[in-house]
Each structure stands twice: as structure tokens, then as C-alpha cells.
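Enquirer: Attaching a single structure in C-alpha cells format; questions to follow.
The values are calculated or read from the model by the stated rules, or taken from the named source; none is laboratory data. Everything quoted here is computed from the prediction, not taken from an experiment. Positions of Cβ are generated from backbone atoms using ideal geometry, with glycine treated the same way; all protein chains shown enter the neighbour counts.
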Amino acid sequence: MTSETQYLLEARDLVKTFDAVRALDGLSAGFAEGEVTAIVGDNGAGKSTLVRCLTGVHPPTEGQLLFRGEPIRLSSPQAARDLGIETVYQDLGLIDDLAVWQNLFLNRELLRPIPLLGVLDRPRMIRESRDILSGLDVNVPSVRTTVRRMSGGQRQSIAIARAVTWGKSLVIMDEPTAALGVRETAAVEKLILSLRDRGVTVLIISHDLDQVMRVADTVVVLRRGRAVARRPVADVTGDRLVGLITGTIAEAA
Amino acid sequence: MTATAARPRSFDLARAADYAAPGALVVVWLAFFIATPHFLTLDNIGDLLVASSILAVLALGQQFAVVVAGIDLSVGANLPWAAALLGATATAGVPMGLAILIAIAGSVVVGVVNGFLVGYLKMTDFIVTLGSLSVVSGITLLLTEGNTVAVSSPFLQAIALDGIGPVRWFWLIALAAAVLVWATLFRTRAGTHLLAVGGGPDAALGTGIPVRRVRLAAYAASGLLCGVAGVMLVARNGGADPSLQTNYLLSSIAAVVLGGSSLFGGKASVAGSVTGAVLLTSLVNGFTIIGISQYFQTIAVGAVVLLAALLARFRK
């Protein structure tokens with residue numbers, strides 16, 4: 001791909017240093033609109049640091065981020081959220097003792113038209129929560145139950161549903177199935193595929209190369225803080241990916 | 001990291017912990033009813049509920065600190081501080097309505113300072129409120145020179161002694177406070193954010209909730225209700241006693257814990273806290289009627305608190 005291609009979100013020559021450690025070392029990568037892009041790489045390759053740069057948690061030391069071709073500065077997670085970039089971290093960011101509907105609408109509560117008091121419009125939020133989850137084929141016993149009572153797969157699905165609902169431009173998922181069993185992983189993957197069918201732009205970090213082959217359109221390989229390859233998933237095999245990750249296949253991006 | 005939440009180890013014990021306060025209340029009332037004919041009388045229960053009202057309002061304030069996984073130890077000094085402010089301003093000839101407002105505002109200031117230190121400077125809640133307990137107590141003693149100030153106000157007297165028919169004003173004040181706190185916690189955006197900050201500060205921050213401001217608000221609310229309780233205390237005693245109220249401090253925390261709120265934050269039970277306040281007051285009231293030494297009363301209150309903490313351990 002040439003650099004003229006307009007990506008939804010693009011990183012150019014990102015450098016992020018923590019004291020003496022160069023976690024990102026001139027990383028350039030683009031994420032195309034409407035695609036599921038997977039980021040793979042060995043431990044310490046810079047995956048998590050890249051995500052934190054893209055979500056405003058860690059501003060990069062050097063380099064540039066472009067959103068729809070425009071240079072942007074993400075100084076805080078709120079700045080990323082304002083652009084419609086939502087992230088599902090591994091800890092999911094759910095409040096266990098709040099109900100499913102409260103988690104879906106957390107800090108985006110719908111209020112009754114009473115000035116100043118901030119009175120919740122509970123019936124509407126409960127109704128819309130049901131619509132959100134059923135629209136994504138996510139099954140929970142009831143949106144009024146607390147998240148604590150949900151299985152790991154259900155919690156992951158709720159966190160993803162929340163990100164998709166508010167992430168109008170990009171949804172980033174950090175190892176979404178790392179802690180899940182086989183059946184729950186399948187359900188979450190089905191959810192990710194349905195997001196692709198709806199044209200949601202997804203960036204997924206995964207260690208599971210088979211999963212990458214199943215759900216992603218494009219794969220970006222990181223090694224030692226750089227993006228060493230960007231390939232359509234249809235053009236690579238699992239073995240070749242392993243080679244790119246470990247560095248036994250050297251290749252320019 | 002494990003994604004699946006730890007299920008309650010024992011469902012029955014978890015249930016028991018949720019109903020600890022109402023269950024214990026029934027047991028305590030029955031025990032005193034059997035022990036003496038003077039306990040379960042309309043007069044005594046009426047007085048008991050009046051005495052409970054002050055603790056209930058105080059516990060409702062404590063509830064705010066506890067719901068954000070904090071604790072407000074400063075109420076032991078904030079309560080006499082509000083009382084002393086009321087006494088000093090009333091003595092100086094300030095109209096009673098204004099004096100009450102000044103007293104409550106003084107307690108809110110203490111709460112705001114606590115909240116600022118805990119929320120914005122990220123100091124440990126326990127240390128902050130322990131420190132302000134001492135500081136505020138000293139300021140109160142300086143203001144009053146350690147003397148109890150008599151406050152003779154027909155208005156305060158009426159609040160303490162009268163009511164609408166058999167319904168005493170104190171009950172109504174506590175009831176109104178309880179309804180307001182419940183509505184705030186469970187029916188407003190602010191309440192959702194309080195529960196979220198207590199239940200998962202990182203997750204709350206992740207959704208953009210202003211965690212620091214929410215913490216400050218929680219301690220300010222604790223101060224506000226402490227001020228109201230201080231005014232009630234002056235009305236009931238007919239004067240402002242500047243000495244440290246450690247009994248009220250311990251009982252306010254105990255009432256919240258007994259009520260089933262989690263000291264780890266994120267879970268609140270308004271009815272539970274009020275029930276806890278009535279339960280603790282019943283113990284003191286019953287012991288007094290039977291004639292058991294007041295030293296046993298503190299032991300009993302402490303034992304009840306430890307028992308509640310034990311039950312809460314099983315809830316985790």
C-alpha cells in the first residue's frame with residue numbers, strides 16, 4: 001500500500017520511550033475504514049503501547065497520528081472518545097455491582113427532561129439496552145441483572161456492545177478472548193464478524209493466530225516497536241505469520 | 001487475570017449478611033420485650049426512634065463516604081463542630097434560621113476539605129479523616145473554650161419534642177433524609193457515578209466519569225448530613241456540647257456496615273443503614289431500661305459491629 005491511501009486512523013513514525021526503553025521505534029501503520037485489522041506480535045513487540053497511543057492513554061514521544069487524513073493529538077482518553085474511538089481493555093471496564101443497562105449507559109445516562117436534578121430515564125435505558133444487545137445477538141438473562149452474575153463471555157460481549165454503541169468510528173479490542181473458554185470464544189468471534197458485516201471498523205489485538213485468520217481482513221505484524229508487515233489475511237498463512245512475528249522471515253512493511 | 005467473577009462461596013451466608021440488620025433488630029426487640037415490660041411500649045419505642053433519628057441521619061452521611069469505598073472518621077468532630085457553630089451564632093444573636101444554615105454550612109466545609117484531600121490529592125481516606133477529626137475537634141474546643149453552650153430556642157425545642165399528631169418531627173427529618181439519599185443514589189446520574197466510582201474507580205475513569213469530583217461530592221454530602229445531625233443533636237440536648245463524639249462516629253460506621261453496604265464500596269443500602277441505626281440505638285435503650293452498666297453497652301455495640309464485619313467477609 002502506498003502512503004497516499006487514506007486510512008481511518010494512521011500512525012506515522014510513532015516513537016514511545018519509557019526511560020531507556022523504546023517501546024515503539026518509528027512505527028507506521030494504517031487502519032482502513034470498515035475493516036477488521038488484527039495486530040499481532042510477540043510479547044514486548046509494542047502492541048499494548050500502540051493501543052495506548054491510539055486511545056490517548058500515552059501520548060507518543062514522537063511521530064504523528066492521522067484521523068481521516070487529518071493530524072490529531074490525542075492528549076487524553078476523552079479526546080479519543082470524542083472522535084468516536086472506543087476501547088475494550090482486557091479488564092473490560094465494567095462495574096460488577098451495576099446492572100447491565102447501567103454499564104451500557106455509564107456516563108452516557110439518558111435523563112428525564114427535569115433541569116439540574118439529573119434524574120435517570122430508567123425505562124428508556126432499559127429498553128434501549130435490550131435493543132442494543134438483541135441487535136448484536138448478545139444473550140443475557142436480563143439487562144436488569146448485575147454484571148457480576150454474567151459469564152466471562154457475556155461480560156466480554158457486554159463490553160464490546162458498549163464500545164460498538166458509542167464507538168462511532170473505531171472499536172479497539174485488546175485480547176478479547178484471552179480469558180475465555182472455547183464456546184465463549186466462538187460467541188465473541190461471531191460478534192466480531194457481525195460487526196464487520198455492519199461496516200464497523202475494528203482493531204483487534206490477538207495472540208491467537210487462528211483467530212486472526214478467522215475474523216480479520218488485514219493483519220499488521222509488529223516486531224521490536226515497528227510494523228514489519230501489513231497483509232490481507234487472505235494472502236498469508238499461519239506459518240508465514242509466525243515467521244514474520246519471530247523474525248525468521250524478514251520483510252519490509 | 002481471570003474473567004469469570006468469583007461466585008459467592010456460600011449463598012446462604014451472603015443472604016444472611018444482607019438481612020443482618022432487620023434480622024438482628026427483630027431478635028433484639030424480642031429479647032428486650034421478654035426481659036422487660038417497659039421496652040415495647042408506644043412511649044419508649046417513640047423515644048427510641050427519636051434517638052435513632054440523629055444516628056440515622058449521620059449514618060446516611062457516612063453511607064456516601066462508604067459507597068465510594070471511603071470512610072469518614074471526621075464525623076466524630078464534625079458533629080460537635082456543627083453544634084458549636086449553632087451555639088455560638090445563636091448566642092451572638094443570629095436569627096435561628098440563619099444560625100442553622102451556618103452550622104450546616106460549616107460541616108459541609110469540613111466535608112469539602114476531606115473530599116479535596118481524598119479525591120484530588122489522592123490521600124488515604126482513613127488518614128485524612130482521622131487528621132481532620134483531630135483538627136476540627138481542636139477548632140471546636142478553641143471556639144467554645146471547651147464549654148457547653150445552652151441554646152434555648154422555641155423552634156429547636158418544637159422540632160425535638162413535637163410533631164404532626166403522634167408523628168415526631170425527628171422521624172420525619174430522618175425519613176426525608178433517607179428518601180432523598182435513596183433517590184440520589186439510585187435514581188440520579190450523580191448516584192450512578194457514586195456507585196460506579198466505589199465499585200470500580202478505574203472502570204469509572206475509563207468511561208470519563210470525573211472520579212475526583214465524585215469523591216469530593218461524596219465527602220461533602222457526608223458533611224452536609226453530619227451538619228443536619230448536629231442541629232438535631234442541639235435541638236434534642238438543648239445545648240451544644242463541644243466534646244468529641246466517638247460513640248456517634250463508631251455507631252455511624254457500624255450502622256452502615258450492619259445495613260449491608262460494602263466497605264469496599266459500590267454497594268449501598270439506605271434502608272439497611274437506617275435499620276442499623278435503629279438497631280444500635282435499641283441496644284443502648286434496652287440496656288439502659290434493664291439497668292445494665294453502660295460499659296457493657298459499648299462492648300455489645302462493638303461485638304455487633306465485629307459480627308457484621310464477619311458476615312460481610314462472607315459476602316465478598
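Enquirer: Regarding the range B:262-270, can at least one residue be identified that is at pLDDT below 90 and either polar (S, T, N, Q) or touching a strand residue (DSSP E or B) at 6+ places or on another chain (Cβ under 6 Å) (or both)?
Expert: Yes, the conditions are met somewhere in the range B:262-270.
Enquirer: Select from the range B:115-162 the residues that are among the small types (Gly, Ala, Ser) and at positive phi and list them in ascending order.
Expert: Hit for the range B:115-162 is B:Gly146, nothing else.
Enquirer: Got a sec? Which of A:Gly34, A:Gly44, A:Gly56, A:Gly26 is touching a Ser or Thr at 6+ places or on another chain (Cβ under 8 Å), surrounded by fewer than 21 Cβ atoms within 10 Å (Cβ to Cβ) and not basic (Lys, Arg)?
Expert: One residue alone meets the criteria, A:Gly34.
Enquirer: Scan the strands (runs of 3 or more DSSP E) fully inside the range A:24-135 and keep the ones with 2 or more residues being in contact with a helix residue (DSSP H, G or I) (Cβ under 7 Å, 6 or more places away or on another chain) and under 30 Å from A:Val221 (Cβ atoms).
Expert: A:36-41, A:85-88
Enquirer: Same structure, new question: What are the residues in the range A:111-146 that are aliphatic (A, V, I, L, M) and away from chain B (no Cβ under 13 Å), if any?
Expert: Of everything in the range A:111-146, those that are aliphatic (A, V, I, L, M) and away from chain B (no Cβ under 13 Å) turn out to be A:Ile126, A:Ile132, A:Leu133, A:Leu136, A:Val138, A:Val140, A:Val143.
Enquirer: With B:Ala196, B:Ala190, B:Ala183 as the choices, which residue is over 21 Å from the mean Cα position of the chain (by Cα), within 20 Å of A:Leu110 (Cβ to Cβ), of a type in the set (A, V, I, L, M) and within 9 Å of another protein chain (Cβ to nearest Cβ)?
Expert: Selected residue: B:Ala196, the only one of B:Ala196, B:Ala190, B:Ala183 that is over 21 Å from the mean Cα position of the chain (by Cα), within 20 Å of A:Leu110 (Cβ to Cβ), of a type in the set (A, V, I, L, M) and within 9 Å of another protein chain (Cβ to nearest Cβ).
Enquirer: With respect to B:Ala178, is the statement that it is more than 30 Å from A:Trp166 (Cα to Cα), modelled with pLDDT of 95 or more and assigned to a helix (DSSP H, G or I) true?
Expert: yes
Enquirer: Out of the range B:93-144, which residues are modelled with pLDDT under 95, among the polar types (S, T, N, Q) and part of a helix (DSSP H, G or I)?
Expert: Residue satisfying the conditions is B:Thr144 alone.
Enquirer: Of the residues A:Ser169, A:Ser142, which is at pLDDT below 90 and in contact with a strand residue (DSSP E or B) (Cβ under 9 Å, 6 or more places away or on another chain)?
Expert: From the options A:Ser169, A:Ser142, the qualifying one is A:Ser169.
Enquirer: When you go through (1) within 27 Å of A:Leu191 (Cα to Cα); (2) more than 10 Å from chain B (Cβ to nearest Cβ); (3) buried (at least 22 other Cβ atoms within 10 Å of the Cβ) one by one for A:Ile95, which number turns out not to apply?
Expert: Result: A:Ile95 passes all but (2).
Enquirer: Filter the range A:106-117 down to residues that are out of contact with any Leu (no Cβ under 9 Å at 6 or more places or on another chain) and closer than 29 Å to A:Arg149 by Cα and give me whichever is surrounded by the most Cβ atoms within 10 Å (Cβ to Cβ).
Expert: For the range A:106-117, the residue satisfying everything is A:Asn107.
Enquirer: Among the residues of the range A:151-169, which ones are crowded, with 20+ Cβ neighbours inside 10 Å, facing another protein chain (nearest Cβ under 8 Å) and not basic (Lys, Arg)?
Expert: A:Gln156
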